[in-house]
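So the structure is just underneath, and the comments pick up after that.
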Amino acid sequence: MRRLAAILCLLFVSGVAHANDKVTFGLDWKAEAEYGGYYQAVANGIYAKHGLDVTIQQGGPQVNHTQLLLAGRLDFNISSNSFLALNFAKENIPFRAVAGMFQKDPSVLIAHPGEGNDSFPALKGKPIMISADTRVGWWTFLKAKYGYSDSQIRPYTFNLAPFLANKSAIQQGYLGSEPFSIKQAAHFDPVVLLIADAGFKGYASLIATSDKKIEQQPDLVKRFVDASIEGWYSYLNGDPAPGNALIKQANPEMNDALISYGIGTLKAHGILDSGDALTSGIGAMTDQRWAEFYQSTVAAGVYPKGLDVKKAYTLQFVDHKVGMDLKH
């Protein structure tokens, strides 16, 4: 009897020892194709294979996941762009980016066709609807490069109605979302200007976490980044249906047509798999590109000279060609 109890105890301890680590991961917007790799990693058991039990929390216009990350209520989150990571360095906040999942920022400016608003230089001096976050983000790049001014800014409410009602309207958007919705609602293809095509060097959709987690649980960070990368390769190169099912479950506003459009734009524009990612794997980052981006922000007057840029990120968990064998 004593021997049986010892065996049962050993099995119980063994089971606990091998339980998957619980991870809470926050998105910067609602579930859609632009997060498909993470949902795929849940659906296909990729996170589980890496010993992780991942809960994905959606974002949205009223959710500030950066604050939740700083408060310790999230283990990882999506930082929308390199500006947010540089804020960590500027404010001496002990968090940083551990992977740059989007090599190209999918932010766009959208205009009506046939109105002469079909290039970045043509938009100088014209009213443009952007959000408060964008005003301190890539808008600063456009100001520096094309001579835009803050007097052009009009409030953006994440509602297409003002754009559709005014042929001269110009607004911000996301490559895989608003262009599709505009075509569905108004039956025309809008002018779509990708900020990255203008030479914007920032990464987008970065995975961020705390310095404490990097120092104390580097293996967990590595497993989460590796599994997320594998999830993206599976989503882009395999059958995305498992991930899509979870996206639609989390966000009923998503439908198959919109998700398919989103996946198509990610692939066609090399949002994840281009540049350094072609040789180093999805999530790739380099010191050189971070330095170039920082210098562009200094020139635009966004950040001060002398900032320790390396406090914004670490290359410890990327550039290892993880998951590249899943490409075909």
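For K90, the lysines whose Cα falls under 25 Å of its own Cα, not counting residues fewer than eight places away in the same chain, are K104, K143, K145, K201, K212, K213, K305, K310, K311.
Expressed to the nearest 5 percent, the antiparallel share of DSSP beta bridges inside the chain is 60 percent.
Dipole of region 104-212, Cα-centred, from +1 at each Lys and Arg C-beta and -1 at each Asp and Glu C-beta, to the nearest 20 debye? Let's see the in-between values first.
Working: 11 positive and 9 negative charges, 43 e Å.
Dipole size: approximately 200 debye.
Among A19, A300, A97, the residue with the largest mean-square fluctuation in a Gaussian network model of the chain, with springs joining Cα atoms closer than 10 Å, is A19.
For the chain, the solvent-accessible area with a 1.4 angstrom probe is 46 square angstrom per residue.
Once you've got the GNM for the chain with C-alpha springs shorter than 10 Å, pick whichever of I78, I282, I128 has the biggest mean-square fluctuation. The residue with the greatest mean-square fluctuation here is I128. Evaluated at q = 0.07, 0.08, 0.13 Å⁻¹, the base-10 log of the normalised Debye intensity for the chain, with identical point scatterers placed on the Cα atoms, takes the values -0.30, -0.39, -0.98. Rolling a 1.4 angstrom probe over the chain with all protein chains present gives an accessible area of which 53% lies on carbon and sulfur atoms. In whole angstrom, note down how far apart the Cα centers of region 145-171 and region 58-137 are. Region 145-171 and region 58-137 have Cα centres spaced 17 Å from each other. The H on the amide N of D21, modeled in the peptide plane, is under 5 Å from the matching H of L52, D53, each at least 5 residues off or on a different chain.
Sorting 288-295, 43-50 by their mean Cβ neighbour count within 10 Å, with the most densely packed peptide first, gives 43-50, 288-295. Highest mean packing first, where packing is the average number of other Cβ atoms within 10 Å per residue, the peptides 233-243, 113-123 line up as 233-243, 113-123. Amide H contacts under 5 Å for R154: I128, M129, I130, restricted to partners 5 or more places along the chain or on a different chain, H placed in the peptide plane at 1.01 Å from N.
Across region 306-323, computed HN-Hα scalar couplings (Karplus, 6.51 cos²θ - 1.76 cosθ + 1.60, θ = phi - 60°) run x, 5, 7, 4, 5, 6, 8, 7, 9, 9, 4, 10, 10, 6, 10, 6, 4, x Hz from first to last residue, x flagging Gly and Pro.
A simple charge model with +1 on the Cβ of Lys and Arg, -1 on the Cβ of Asp and Glu and nothing else charged puts the dipole of region 57-118 at about 300 debye relative to its Cα centre. Placing +1 on the Cβ of every Lys and Arg and -1 on the Cβ of every Asp and Glu, with no other charges, gives region 184-328 a dipole of roughly 340 debye about its Cα centre.
Give the residue list of GluC sites (Glu not before Pro) in region 182-257 that are DSSP loop and have at most 12 other beta-carbon atoms within 10 angstrom.
E253
The values are calculated or read from the model by the stated rules, or taken from the named source; none is laboratory data. Everything numeric here is computed off the predicted structure, so don't read it as measured data. Cβ coordinates were reconstructed from backbone atoms using ideal geometry, including for glycine residues, and neighbour counts include every protein chain displayed. Surface accessibility is based on the protein's heavy atoms, side chains included, excluding ligands, DNA and RNA. Shrake-Rupley method; radii C 1.70, N 1.55, O 1.52, S 1.80 Å.
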